[in-house]
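The values are calculated or read from the model by the stated rules, or taken from the named source; none is laboratory data. None of the values given here were measured: they were computed from a predicted structure. Neighbour counts are summed over all protein chains in view; Cβ atoms, including those assigned to glycine, are modelled from backbone coordinates with ideal geometry. Accessible surface areas use protein heavy atoms only, side chains included; no ligands, DNA or RNA. Shrake-Rupley method; radii C 1.70, N 1.55, O 1.52, S 1.80 Å.
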Amino acid sequence: MSDPRIGLTVTHRRYVGHNHTHYSGSQVDHSYTMSLLSDAATEVCIRTDADEGAVVAYDEIDFLAPIYAGDVLEVEAFVVGVGSTSRELGMEARVICREAQRLDEDNAKLAPTASYVLERPLVVARATATVVVANPLPEPPAPWGTQVAEVPDRPELDPRAGLRDLQETWLRWTRDAREQIEKRTAELRSRTQAATDHNEE
């Protein structure tokens, strides 16, 4: 029977800021790409084992094209193998948006901020990697309860009401919302402590 984690895929997207320029021509070092791949691998581990895990080896990595400041980079990590504590991942990075002037150099009418969505993403890197998790689980964990409290809907303010009435309505909503958030925070803290106590037993 195939492990249910095989094929699990995580996708991240990031705008490559000009502060990451490393070479002439606004080219960015591919260590930036590897950092994004590692981030995607971390989410994979969280989803497979409720653990951040760690990339212990890039078994193979190929940089196929340069990346530039102004690109929007999409990285993908997917599970291809499951060991007792290790997870084998396939990875790919691709450019999905690029500065217009880099694609259409002869168009003098382009604004300096113009950028295009690529019709076909440009694959810039592919890799296989091994991650290890500290506390492996036999199957993917069920999602934890929502981390966001159910905050009361904002009240509709009557524009004909006086300033004092508007202030009181707003303050009442703020107080109710804060109570819900504090209640949810206490519940989550209690669950976390219970899980910690269980692991220590």
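Is it true that ILE96 is surrounded by 13 or more Cβ atoms within 10 Å (Cβ to Cβ) and modelled with pLDDT under 95? Show your work before the answer.
On the way: surrounded by 13 or more Cβ atoms within 10 Å (Cβ to Cβ): yes; modelled with pLDDT under 95: no.
The answer is no for ILE96.
When the stretch 106-127 is examined, which residues are found to be assigned to a strand (DSSP E or B), out of contact with any Cys (no Cβ under 7 Å at 6 or more places or on another chain) and either more than 23 Å from MET34 (Cβ to Cβ) or among the small types (Gly, Ala, Ser) (or both)?
Residues of the stretch 106-127 assigned to a strand (DSSP E or B): 115-127.
Keeping just the survivors that are out of contact with any Cys (no Cβ under 7 Å at 6 or more places or on another chain) gives 119-127.
Within the stretch 106-127, GLU119, ARG120, ALA125, ALA127 meet the criteria.
Give the stretch 1-32 a look and list any residue that's part of a helix (DSSP H, G or I), open to solvent by 50 Å² or more (accessible area, probe 1.4 Å) and among the polar types (S, T, N, Q), or say none.
Of everything in the stretch 1-32, those that are part of a helix (DSSP H, G or I), open to solvent by 50 Å² or more (accessible area, probe 1.4 Å) and among the polar types (S, T, N, Q) turn out to be ASN19, SER24, SER31.
How many of the residues in the stretch 128-137 are surrounded by fewer than 17 Cβ atoms within 10 Å (Cβ to Cβ), outside any strand (DSSP E or B) and not small (Gly, Ala, Ser)?
Keep residues of the stretch 128-137 that are surrounded by fewer than 17 Cβ atoms within 10 Å (Cβ to Cβ), which gives 128, 134-135, 137.
If we keep only those that are outside any strand (DSSP E or B) as well, we get 134-135, 137.
Those left that are additionally not small (Gly, Ala, Ser): 135, 137.
Of the residues in the stretch 128-137, 2 are surrounded by fewer than 17 Cβ atoms within 10 Å (Cβ to Cβ), outside any strand (DSSP E or B) and not small (Gly, Ala, Ser).
Yes or no, residue by residue, for (1) open to solvent by 30 Å² or more (accessible area, probe 1.4 Å); (2) not in a helix (DSSP H, G or I):
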{"residue": "MET34", "(1), (2)": "yes, no"}
{"residue": "SER38", "(1), (2)": "yes, no"}
{"residue": "THR42", "(1), (2)": "yes, no"}
{"residue": "VAL56", "(1), (2)": "yes, yes"}
{"residue": "GLU60", "(1), (2)": "yes, yes"}
{"residue": "VAL75", "(1), (2)": "no, yes"}
{"residue": "VAL79", "(1), (2)": "no, yes"}
